[in-house]
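A.B. asks: First the structure, then my questions, so here it is.
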Amino acid sequence: MNSSEKAEKGSARFRYIKLCIFFSGLSVFAQLYLFQPMLPMVAEYFKTTAGDSSLLVSSSTIGMAVGLLFFAFKADSYSRKNLMVFSLISSALLTIISAWIPDLSFLIAAGFLKGFVVSGVSSVALAYLTEEVHASVVALAISMYLSGNTIGGMSGRILATILAGEFGWRNAVLIIGIESLLLGLVFWKLFPDSRFFNPQKMDYSLKVKQMKRFLTDPYMLRLYCIAALLMGAFVSVYNYLSFRLEGSPFYLNHFVIAFIFLMYIFGVFGTMITSRLSKRLDSSLILKGSILCMLAGAILLFSENIYIIIFGLGLFTLAFFAAHTMASQMTALRAKRGKSSATSIYWLFYYFGSSILGSGTGYLLHSFSWNFFIGVIIFAAAVSFLFASDNKYLRAK
């Protein structure tokens, strides 16, 4: 088929693609970070620490990272739609089953498996859009997918907090699992099959050579480390802020805390600001500026004034998404060949940073204090800034 037959704006095919790709992002990120706002309840239920309970989030993101690495080699061997349908429905079933798992260790294992299968969506969604949608509206389709990711992450956290406070955390898991299953079934029914892609065998030796090249490129390594450190810092703050706000001197109830996650909407603004600035300013300058804003936002989280904390969290969130958008863009631009390999490694570092730092900082918070915890977050962002300041490697080439 020629490219003139790709889905165009106004066509029924494009409307179905746009709607379903939004639903997929909504489902994936609502499930991936489902337990994040409920960690204090889970810790109390299982009589464990903040760090142990945070493994419910980290296990899912580790599973996501491992899944993305696996699908970097295998995704092109499967039908795009079938892989995404399998990922959405199987992950929803795992979420539903999780509502009845009585043991924390098995719950963590289920989270890992859920992260692994749901990565099938992230591994092929952008490829599907670039293959099936007309070039004039690819950006619009991608923005719908990213909006679904952001809104899914935000609404999932808010809904989980409210439902858990009213009906208990297990019922909250069950309800979100059922909603995700319904989204998966709608996706299965409405999402158009690929017209411009046929499953094919992967040249594994070429893939390994590409990955080795990127992992030995200092420019790319610094971007990968920035992704890991910033995502780890970002997830850490959202993992444990609920613990902070439930205690002295705030004593906020679950309903109020739920709406703290509305700060996620600033992530959309961060992405938009970056896309505009990148047309006029040097990429490394935008990245460094974003990280400095993250540092400023983190410093405000030392405060015991709730309004300053909310402002700091908004700035921290906006700056993180701006930095992440810029770093991922720089990664793709640097990779003249093997872009999928370069971005796969980026996401691998991104989610491993989320998992390792996201749980590790919980043990530090439990052993020390909130101020020490924020000091670690600031240190992670500061190291990222040093990487971004290495002009020898991070200047656009």
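A.B. asks: Among Trp370, Phe46, Ser77, whose Cα projects farthest towards the positive end of the dipole of the chain, with charges put on the beta-carbon of Lys, Arg (+1) and Asp, Glu (-1)?
C.D. replies: Ser77
A.B. asks: Now, a different point. What ³J(HN,Hα) values, in whole Hz, does the Karplus curve 6.51 cos²θ - 1.76 cosθ + 1.60 give for segment 259-271 when θ = phi - 60°, with x put for Gly and Pro?
C.D. replies: Computed from phi, the couplings for segment 259-271 are 7, 4, 6, 5, 4, 4, 4, 5, x, 4, 5, x, 5 Hz.
A.B. asks: Now for a different question. How much length, in nm to one decimal, is gained on full extension between Asp390 and Arg195, taken as 0.36 nm per residue of separation minus their Cα-Cα distance?
C.D. replies: Contour length minus the Cα-Cα distance gives 65.8 nm.
A.B. asks: Additional query: Assuming 1.567 mPa s and 4 °C, estimate D for segment 49-104 with Stokes-Einstein, Rh taken as the Kirkwood radius over Cα pairs, in µm²/s.
C.D. replies: Taking Rh from Cα pairs, D becomes 98 µm²/s.
A.B. asks: With a 1.4 Å probe and all protein chains kept in place, how do Trp169, Trp100, Trp347 rank by accessible area, largest first?
C.D. replies: Reading off the accessible areas and sorting them downward yields Trp100, Trp347, Trp169.
A.B. asks: Further, regarding this structure: Rounded to the nearest 500, what is the chain's calculated 222 nm mean residue ellipticity when only DSSP H runs of at least 4 contribute -39500 (n - 2.57) each, over all residues?
C.D. replies: After summing the helix terms and dividing by residue count, I get -27000 deg cm²/dmol.
A.B. asks: Here's something else I'd like to know. With +1 assigned to the C-beta of every Lys and Arg and -1 to the C-beta of every Asp and Glu, and no other charges, what is the dipole magnitude of the chain about the Cα centre in debye, to the nearest 20?
C.D. replies: The calculated dipole for the chain is roughly 1540 debye.
A.B. asks: Using +1 at the Cβ of each Lys and Arg and -1 at the Cβ of each Asp and Glu in the chain, identify which of Gly67, Thr361, Ala298 lies farthest towards the dipole's positive end.
C.D. replies: Going by the charge dipole, the pick is Gly67.
A.B. asks: Take Ser77, project a point 7 Å from its Cα along the Cβ direction, then tell me which residues of segment 182-208 have their backbone nitrogen under 11 Å from it.
C.D. replies: 200-204
A.B. asks: For Lys6, list the aspartates and glutamates whose Cα falls under 18 Å from its own Cα; do not include residues on the same chain fewer than 8 positions away.
C.D. replies: Partners within reach: Glu131, Glu132, Asp193.
A.B. asks: Charges on Cβ only, +1 for Lys and Arg, -1 for Asp and Glu, centred on the Cα centroid of segment 194-266; of Leu229, Leu262, Tyr251, which one is farthest towards the dipole's positive end?
C.D. replies: Of Leu229, Leu262, Tyr251, it is Leu229.
A.B. asks: With every protein chain left in place, what is the accessible area per residue of segment 1-140 in square angstrom, probe 1.4 Å?
C.D. replies: Counting only protein heavy atoms, the per-residue value for segment 1-140 is 37 Å².
A.B. asks: Between Ala109, Ala12, Ala65, which gets the highest mean-square fluctuation from a Gaussian network model of the chain, Cα cutoff 10 Å?
C.D. replies: Answer for the Gaussian network model of the chain: Ala12.
A.B. asks: Work out, step by step, the length gained on full extension between Glu5 and Trp370: first 0.36 nm times the residue separation, then minus their alpha carbon distance; give nm to one decimal.
C.D. replies: 125.8 nm
A.B. asks: Distance check, please: which entries in Lys9/Lys189; Lys74/Lys209; Lys18/Lys201; Lys9/Lys201; Lys207/Lys279 exceed 23 angstrom between their Cα atoms?
C.D. replies: Lys18/Lys201; Lys9/Lys201; Lys207/Lys279
A.B. asks: Tyr78's amide H: which non-local residues (gap 5+, or another chain) put their own amide H closer than 5 Å, with H modeled 1.01 Å from N in plane and none for Pro or chain starts?
C.D. replies: Excluding prolines and chain starts, which carry no amide H, the hits are Gln200.
A.B. asks: How far apart, in nanometres, would the label points at Leu19 and Met272 be if each is projected 7 angstrom from Cα along the Cα-to-Cβ direction?
C.D. replies: Each label point lies 7 Å from its Cα, and together they span 2.5 nm.
A.B. asks: Right, something else. Residue separation times 0.36 nm, minus the C-alpha to C-alpha distance between Val383 and Tyr363: what's the value?
C.D. replies: Gain on stretching Val383 to Tyr363: 5.1 nm.
The values are calculated or read from the model by the stated rules, or taken from the named source; none is laboratory data. Source: prediction; values computed, not measured. As a convention, Cβ positions derive from the backbone with ideal geometry for all residues, glycine included, and neighbour counts pool all protein chains shown. The accessibility values were calculated without ligands, DNA or RNA, using every heavy atom of the protein model including side chains. Shrake-Rupley method; radii C 1.70, N 1.55, O 1.52, S 1.80 Å.
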